[in-house]
Structures are given as structure tokens and as C-alpha cells.
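Nothing in this text is a laboratory measurement; each read-out follows from the coordinates by a stated rule. The structure presented is a predicted model; accordingly, all values stated were derived computationally and were not measured. Quick reminder, even Gly has a Cβ in these numbers, built from the backbone with ideal geometry, and neighbours come from all protein chains shown.
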Amino acid sequence: MSEPHGLTAHEARDLLERRETTSRELTQASLDRIAAVDDKIGAFLTVATDEALAQADAADERLHRGEGGPLTGIPLAVKDNMCTRGIRTTCGSRILEEFVPPYDAHVIERLNEAGAVLLGKTNMDEFAMGSSVEHSAFHPTHNPWALDRVPGGSSGGSAAAVACGEAVVALGSDTGGSIRQPAAFCGVVGLKPTYGRVSRYGLVAFGSSLDQIGPLTKDVEDCALLLNAVAGQDLRDATSAPLDVPDFTAALTGDIAGLKIGVVSDYVPEGLDPAVRGIADSAVKQLEGLGAEVEWGVELPSTAHALACYYIIAPSEASANLARYDGVKYGYSYTEGESMWENMDKTRQFGFGDEVKRRIMLGTYALSSGYYDAYYLKALQVRTLIRREFEAALERYDLLFGLVTPTPAFALGEKTDDPYEMYLNDIFTMPANIAGLPALSLPAGFVDGPAGERLPMGVQLLAKPFDEAALLRAGHAYEQSTSWRDQRPAV
Ligand code: GLN
């Protein structure tokens with residue numbers, strides 16, 4: 001058996017079933033791992049030790065009675081933008097530093113019903129705005145493969161926690177790439193489900209038409225298990241889809257013979273570093289070897305405008321969503337001012353970080369009268385074009401293929417002075433959010449860093465709306481035919 005902290009959820013489940021371990025042991029092993037390495041990694045903002053051990057004991061009782069399911073007793077971590085009753089939920093922001101939600105997000109209710117153990121809340125870019133966790137108001141997170149590099153973001157805490165075995169699995173959220181990009185940078189699996197597949201109730205809103213919650217895991221089987229637990233309609237989120245949820249583990253047949261996969265030219269563009277290009281080439285060969293019919297050269301011309309479109313829509317929605325932080329209802333409140341207006345101003349001035357303020361200003365501008373038609377409305381029209389192009393491509397192919405990012409993890413501090421450079425990191429991931437499509441990020445090998453570090457890279461598969469099963473099937477077959485998932489960073 002591997003070290004307890006290296007286990008996947010399904011491996012841990014097997015041990016629990018055979019009574020070779022207990023949830024308390026697994027949970028304690030995770031807490032010990034956090035105590036041993038999180039000084040270096042910085043993946044957690046809150047560790048809920050007492051609550052976790054109590055949940056572990058309850059899970060053990062349930063297992064003892066022969067009850068429970070695949071996640072009963074499994075220790076996991078959740079990004080700090082999902083509300084947890086009684087456990088502080090900061091969203092990586094000063095403005096919510098002391099915020100203790102009076103209710104659980106839908107996904108947390110589901111995990112509680114499943115008997116999972118919540119270890120704590122993971123670090124993130126403030127309000128999920130960023131690609132590196134460097135916009136966290138509290139501290140950075142370090143990439144477990146190279147401590148001077150970013151883990152990706154904004155769900156970098158969750159990705160790093162899974163990669164270095166602090167948590168067995170984790171949840172993140174993805175508005176423009178925030179599950180898939182950190183998954184790629186940390187060498188783990190990350191899934192952004194179809195918009196509407198998972199309820200956003202209790203997820204702190206960033207871009208409401210783009211946000212989705214999804215799994216970060218060590219392998220595809222765990223990804224299917226976690227998606228099973230959290231997917232499905234919830235009437236408290238009007239955009240959650242009234243569809244039956246299949247058992248996603250049933251999709252893991254290993255058979256992808258005849259599956260049609262189109263390689264999107266823009267997501268494996270000319271001019272890449274040859275080592276990065278090699279990652280895409282060998283993944284394609286691997287998929288072909290498994291019997292998939294892969295065709296290069298899928299053109300999605302409107303994708304070229306996806307970045308501009310995203311950086312109007314996401315900040316516009318954010319500027320509306322973040323108007324609620326006024327120091328009156330909850331969160332940080334400045335009270336020394338002469339007037340209510342001054343208090344509100346200062347609450348926001350001191351409570352929000354620079355990137356959040358930049359987004360609020362961009363969004364407010366794009367929505368203001370006189371500019372609304374030129375920016376916001378235009379972006380919505382481009383969004384329709386992007387969506388239609390995907391629809392047409394996905395009539396010809398079962399799946400689309402590309403890289404997750406154009407480079408491996410960059411150094412801490414490398415892009416913090418240049419927001420545009422930071423934004424460019426999501427160029428291959430945000431189109432899926434704009435079109436609402438499901439997309440899976442899979443570990444696909446390593447490239448050498450300048451100091452000889454091994455830096456993970458990921459490839460991405462996209463599917464038709466609500467066809468997560470196809471993604472997981474292909475991802476699983478690919479993963480089983482490579483050894484990437486067995487490689488773990490030496491922290
Ligand atoms: N990096 C992108 C941004 O800064 C996407 C973030 C996300 O998916 N939450 O907006």
C-alpha cells in the first residue's frame with residue numbers, strides 16, 4: 001500500500017471496506033501531512049481539525065454498520081469560496097476574513113450526506129480572480145513540484161493539496177480555467193463540468209454565467225466519484241439543469257475505439273516551445289494508439305476573441321456581484337467614518353485587493369450607459385458566435401482536444417506586475433466557460449524547468465454539454481495507458 005497520504009479515494013475506499021484502515025486513521029494521516037508540509041506549500045487557509053476528526057468518527061460508525069458509499073470517511077479539501085456552516089469562508093479576501101457562513105453550500109450538503117470528511121478550506125486568488133493564487137489576501141501557495149513556482153489559480157490551494165497528498169481529493173471552481181489550469185500545473189486531474197451540472201448555491205459568486213464547481217483529483221476514477229456526489233439539480237440554483245445524472249464511474253470502460261477527436265488548432269498553436277508541443281503530440285499519438293480517430297486542424301476562428309470577450313463578461317458580472325460587500329450585511333466593516341458613504345467607501349477600499357478593484361472598475365465601465373452597447377452587448381454577441389462554432393465542431397467530433405496552458409507553471413512574482421500576461425495564461429481554458437461546455441484537464445507529462453525541475457503539463461478534452469461521461473471515458477483510457485498519474489512530487 002502506498003503511504004496513506006498518497007492514496008486515491010477509491011484505494012482508500014477499498015482499505016476501509018476491508019477494514020484495513022479507518023476514516024480516523026486516514027483523516028489523521030492527512031492532518032499529519034498538512035502539519036508536516038503546509039508551511040512550505042501554503043495550500044490551506046483554514047484547517048478544521050476538530051470538526052474533521054468528529055466527521056471521521058461518525059463515518060467510521062456508519063461504515064461499521066455496513067452503511068455509507070464511495071466517499072464515506074474520505075478526507076477532502078474545499079476551495080474557500082464555498083460556504084461551510086460554522087467554518088470561516090474567506091474567498092481569499094480581507095473583506096470576508098472573519099465571515100462564518102450560517103449555511104452550507106449545496107455541494108457541502110452533498111458531501112456531508114455522502115459522509116466525506118472536510119479537512120479544511122484551501123487558498124485561492126481573491127474572489128477567484130487570478131491564475132496563480134498570488135492575489136490571495138493572505139499568503140501565496142507554492143507548487144509542490146517546484147516551490148518557487150505558482151500552483152496555478154485560482155483553485156491553486158486545492159490542486160496543490162491533492163498533488164502533495166494533504167487531501168485525498170478536493171473541490172475547486174472554474175470561471176475561466178481555475179480548476180483546469182492549476183490541475184495542469186500541479187499534475188492532477190481537474191474537471192470543469194457543464195454549466196448547470198453542479199449547483200452554485202452557496203458558491204461565492206464571481207461571474208455567475210461562467211462559474212462551475214468541479215473536482216481536483218489524483219486520477220479520473222476519483223474525478224467520476226466526486227462528480228457523482230455533487231452533480232444534479234438543486235432548485236436553489238435556477239441555472240442548475242433538470243437532468244438525470246448518470247453514474248459517471250460506469251463510463252470508465254477503457255474503450256475509446258472509434259471515438260472521434262478533433263484537435264483545435266488554436267489550442268496547439270504554432271510557435272510553442274518544442275517541449276510543450278511534444279506534450280500535445282505524444283498525447284494525440286497515445287489516443288490514436290487506443291483506437292480514437294484523431295483529426296488535426298479544427299478551426300474555431302471566434303476563439304481568437306474569447307479572451308477579450310471573457311474580460312468584459314466576467315468583470316461585468318463581478319462588478320454586480322461584488323456590490324453586496326458594503327460593510328453593512330456581512331464581512332469587514334469600516335465604521336470610523338463621518339458618514340455612511342465614507343464607511344462604505346473605506347470598507348471597499350481596505351477590504352478589496354488591487355486585482356478585485358481592477359475587475360470592478362473594468363466591469364462597471366463596460367456596463368455603464370454609453371459603453372454598454374459597445375462593450376457588454378458586443379461581448380454577448382461574440383459569446384453567441386463562439387458557442388455556435390463549438391456546436392458545429394461538436395457535431396463532427398465527439399471530443400475536442402488541446403493543451404491546457406501554453407507554458408508550464410511560471411515563477412512566483414513573474415507575472416504579478418503585468419495583468420495582461422497573467423490573463424493570457426487562460427487563453428485555452430476560458431472558451432469552454434464562455435460556451436458552457438464540460439472540459440477535463442489531464443496530466444500529460446513533464447517539461448524541464450530552467451533549474452532542471454520537472455514541471456507537469458496537462459492536455460484538455462472538451463465535450464458536448466452534459467457529456468462529462470465521454471470526457472471521463474477518454475480521460476480514463478488515456479490515463480491507464482500512461483504512467484503520469486503514478487508520479488507524485490517529492491515534498
Ligand atoms: N484566471 C481567470 C481570471 O482571472 C479565471 C479565474 C477563474 O476561473 N476563477 O478571471
Residue list for segment 215-253, filter: among the β-branched types (Val, Ile, Thr), touching a strand residue (DSSP E or B) at 6+ places or on another chain (Cβ under 7 Å) and farther than 19 Å from residue 196 by Cβ: 217, 220
Name the pairs whose Cβ atoms lie under 7 Å apart, with the first residue in segment 200-220 and closer than 30 Å to residue 11 by Cβ and in contact (Cβ under 8 Å) with a residue 40 or more places away in the chain, the second in a loop (DSSP other than H, G, I, E, B) and within 11 Å of the ligand (Cβ to nearest atom), and 6 or more positions between them or separate chains? 203/81; 203/211; 214/179; 216/155; 216/179
Given (1) crowded, with 20+ Cβ neighbours inside 10 Å; (2) within 16 Å of the ligand (Cβ to nearest atom), number of the condition residue 226 does not satisfy: (2)
Checking residue 154 against (1) within 13 Å of the ligand (Cβ to nearest atom); (2) outside any loop (DSSP other than H, G, I, E, B); (3) of a type in the set (S, T, N, Q): exactly one of these is not met. Which one? (2)
Note down all Cβ pairs under 7 Å where the first residue falls in segment 317-338 and is on the phi > 0 side of the Ramachandran plot, the second is part of a loop (DSSP other than H, G, I, E, B), and they're at least six residues apart or on different chains. 327/333; 327/334; 331/99; 331/325
Any pair with Cβ under 9 angstrom, 6 or more apart, that starts in segment 114-129 at a residue that is farther than 16 Å from residue 69 by Cα and in a helix (DSSP H, G or I) and ends at one that is more than 8 Å from the ligand (Cβ to nearest atom) and aromatic (Phe, Trp, Tyr): 126/352; 127/352
From the set of residues in segment 77-113 that are within 29 Å of residue 335 (Cβ to Cβ) and free of Cβ contacts under 8 Å to residues at least 24 places away in the same chain, which is surrounded by the most Cβ atoms within 10 Å (Cβ to Cβ)? 85
Any residue in segment 160-179 that is within 12 Å of the ligand (Cβ to nearest atom), at negative phi, part of a loop (DSSP other than H, G, I, E, B) and over 13 Å from the mean Cα position of the chain (by Cα)? no
When you scan segment 401-408, do you find a residue that is under 17 Å from the mean Cα position of the chain (by Cα), within 14 Å of the ligand (Cβ to nearest atom) and either closer than 17 Å to residue 277 by Cα or assigned to a helix (DSSP H, G or I) (or both), even just one? yes
Counting only residues that are among the charged types (D, E, K, R) and surrounded by fewer than 17 Cβ atoms within 10 Å (Cβ to Cβ), which one in segment 303-345 is farthest from residue 437 (Cα to Cα)? 338
Would you say residue 351 is touching a residue at least 24 places away in the same chain (Cβ under 8 Å), on the phi > 0 side of the Ramachandran plot, away from the ligand (no atom under 16 Å from the Cβ) and surrounded by 13 or more Cβ atoms within 10 Å (Cβ to Cβ)? no
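Which of the following residues is surrounded by fewer than 24 Cβ atoms within 10 Å (Cβ to Cβ) and in contact with a Lys or Arg (Cβ under 9 Å, 6 or more places away or on another chain): 477, 439, 470?
The unique qualifying residue is 470.
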